[in-house]
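Okay, structure first, notes after.
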């Protein structure tokens, strides 16, 4: 079942309605599933607030087969000029270094929102190019889509032995979204960027 779609932006508009939507969806869920759904929605709203240059996005929840999928969808074309304006006032011309797991997700999301040529350049600067790198947006063979997966990221950092992987493992252990969500994915389809947070409702 799909809920209503709520428009949210990084100035805070629509966020109370989005959280109320999560509360309403959570009412009939078993055990602690409702509380976890609310916490995941809060994390997604934190992400929206922190996106460089601001953005507008659609938020909704789909439930079925004992799972909930929380969606956040926006367009790259709306975002590009706002981001450029925001970064123009930065001394480095780039956004601040991501801290924590939510910061890592924000960095990937912001990179996903760039036009394709700028995205490739940013991934190179961030050291994100290549299937084996923890943060990469990897091209899928199933079509013209780029994607990032929290579970794939977690697997890569668990296998790593360098200082970056050690720090990333510690961030994963402390992260609310990493500990509550079964999966977080970010996908680019044409001019649309969509983040989906998946959570089993029977756990």
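The values are calculated or read from the model by the stated rules, or taken from the named source; none is laboratory data. Computed from a predicted structure; not experimentally measured. Virtual Cβ from ideal backbone geometry, glycine too; neighbours counted across all protein chains shown.
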Expected output for region 47-58 (first residue touching a residue at least 12 places away in the same chain (Cβ under 8 Å), partner part of a loop (DSSP other than H, G, I, E, B) and buried (at least 17 other Cβ atoms within 10 Å of the Cβ), Cβ below 6 Å, 6+ apart or cross-chain) is 48/10; 49/10; 51/10; 52/95; 54/10; 55/10
Single match in 34, 54 (criterion: touching a helix residue (DSSP H, G or I) at 6+ places or on another chain (Cβ under 7 Å) and either modelled with pLDDT of 95 or more or outside any loop (DSSP other than H, G, I, E, B) (or both)) = 34
May I ask you to list the residues in region 3-30 that are assigned to a loop (DSSP other than H, G, I, E, B) and free of Cβ contacts under 8 Å to residues at least 24 places away in the same chain?
-> 13, 27, 28
Would you check if residue 159 is exposed (fewer than 14 other Cβ atoms within 10 Å of the Cβ) and either closer than 21 Å to residue 67 by Cα or modelled with pLDDT of 85 or more (or both)?
-> no
Could you please let me know if residue 17 is at negative phi and in contact with a helix residue (DSSP H, G or I) (Cβ under 8 Å, 6 or more places away or on another chain)?
-> no
Return only the number of the condition from (1) at pLDDT below 90; (2) closer than 30 Å to residue 31 by Cβ that residue 89 does not satisfy.
-> (2)
Single residue of region 169-194 satisfying the filter (within 18 Å of residue 55 (Cβ to Cβ) and touching a helix residue (DSSP H, G or I) at 6+ places or on another chain (Cβ under 6 Å)) that is surrounded by the most Cβ atoms within 10 Å (Cβ to Cβ) = 184
Could you list, in sequence order, the residues of region 135-156 that are modelled with pLDDT of 75 or more, out of contact with any helix residue (DSSP H, G or I) (no Cβ under 8 Å at 6 or more places or on another chain) and not in a helix (DSSP H, G or I)?
-> 147, 149
Residue satisfying condition, being more than 16 Å from the chain's Cα centre (by Cα) and modelled with pLDDT of 95 or more, within set 23, 16 | 16
Could you check, for region 189-198, whether at least one of its residues is under 16 Å from residue 73 (Cα atoms) and either assigned to a loop (DSSP other than H, G, I, E, B) or at pLDDT below 80 (or both)?
-> yes
